[in-house]
Amino acid sequence: MGSFLAGEGKRSVLISLEVPGSGIDFEEIETGNETIFQSELEVIGILRDGEGRALLRFGTPMTNRFTREEVEALRQGGLSFNNRADLQPGDYSVQMLIRDLNSGRNAMSEKSLHVPEFAPGLQLSSIVLGKEVQPAENQFGFLTYEHSTVLPSAGRTFKNGENLVYYFEVYNSRLQGEYVHLTAEIRLLRPGLSRPVQLPEIDINRQPEEGRIRFSRFVQLNGLLPGTYFFEALVTDHFGNETAVGRTAFQVVE
């Protein structure tokens, strides 16, 4: 889950769930000379406030078709489901029910959620990691940078050779229409290793968009040992002489 600045004192909260591919049943469908593998999943979610009252119900059936090669790759990863809610600061909980209609199996998950207040000074949103982007009509849409929307990976499991796409936003009560000069230092850290993977510094000179600066790039992962890593972003506002740091974990597998 992640949170991003929204209007009227609210935050846009990203609710992500990944269903492991190894637990999905696929129906084989013959289409001409090709066999298609079809999954039938239903995801139902309930968002509750700190007193247990239901605020939002969401969900959808998901029918997806894959080739044999895609299914083999999917069984090493999973299918992601993403939803968004605009919430006031406070404490919440999210209950999720996943039904595999092909097998009849069900699974449930419940997580707590804290939405922080927006404080003055330089701040970063949550950091979203994914593997792909899709075209976006609105360049100011949710998780969108330069007409591309990042598709979050809830499982955050990557392999060497894959692209790690990242997205985050920078906020500052001072950034209201004037040009800013920001630099972002991006590092990949692994516990126990003294030297991080340092990526080229990003230099930004432009006006904020809707009171924020959006960052999104990708890095191709190569030569990383399996294990837990941290993606870290250190952003410096050179006009305001402030820095802010964001960090989030991901996994590298063989």
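The values are calculated or read from the model by the stated rules, or taken from the named source; none is laboratory data. No experiment lies behind these values; they were computed from the predicted model shown. Reconstructed Cβ throughout: ideal geometry from the backbone, glycine too, with neighbour counts over all protein chains shown. The protein model used for the area step is the full one, side chains on, heavy atoms only, and it has no ligands, DNA or RNA in it. Shrake-Rupley method; radii C 1.70, N 1.55, O 1.52, S 1.80 Å.
Some points to look at:
- Test result for residue 243, modelled with pLDDT of 90 or more, open to solvent by 60 Å² or more (accessible area, probe 1.4 Å), more than 22 Å from residue 130 (Cβ to Cβ) and part of a strand (DSSP E or B): yes
- Residue within segment 60-74 that is modelled with pLDDT under 85, within 30 Å of residue 169 (Cβ to Cβ) and open to solvent by 50 Å² or more (accessible area, probe 1.4 Å) present: yes
- Taking every residue in segment 117-136 that is within 12 Å of residue 216 (Cβ to Cβ) and pairing it with any residue that is of a type outside the set (Asp, Glu) and part of a loop (DSSP other than H, G, I, E, B), at least 6 positions away or on another chain, the pairs with Cβ-Cβ distances below 7 Å are 128/143; 129/153; 129/156; 130/153; 136/147.
- Of the set (1) among the acidic types (Asp, Glu); (2) in contact with an Asp or Glu (Cβ under 7 Å, 6 or more places away or on another chain); (3) closer than 20 Å to residue 95 by Cα, all apply to residue 25 but (3).
- Which numbered condition residue 224 misses (of (1) part of a strand (DSSP E or B); (2) touching a strand residue (DSSP E or B) at 6+ places or on another chain (Cβ under 6 Å)): (1)
Quick grid of which residues meet (1) over 24 Å from residue 129 (Cα atoms); (2) surrounded by fewer than 17 Cβ atoms within 10 Å (Cβ to Cβ); (3) out of contact with any helix residue (DSSP H, G or I) (no Cβ under 7 Å at 6 or more places or on another chain); (4) not aliphatic (A, V, I, L, M):
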position	(1), (2), (3), (4)
33	yes, yes, yes, yes
37	yes, no, no, yes
41	no, no, yes, no
44	no, yes, yes, no
82	no, no, yes, yes
103	yes, yes, yes, yes
107	yes, yes, yes, no
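- Residue among 195, 187 that is of a type in the set (Lys, Arg), open to solvent by 50 Å² or more (accessible area, probe 1.4 Å) and part of a strand (DSSP E or B): 187
- Segment 215-235: number of residues that are within 16 Å of residue 181 (Cβ to Cβ) and buried (at least 17 other Cβ atoms within 10 Å of the Cβ): 2
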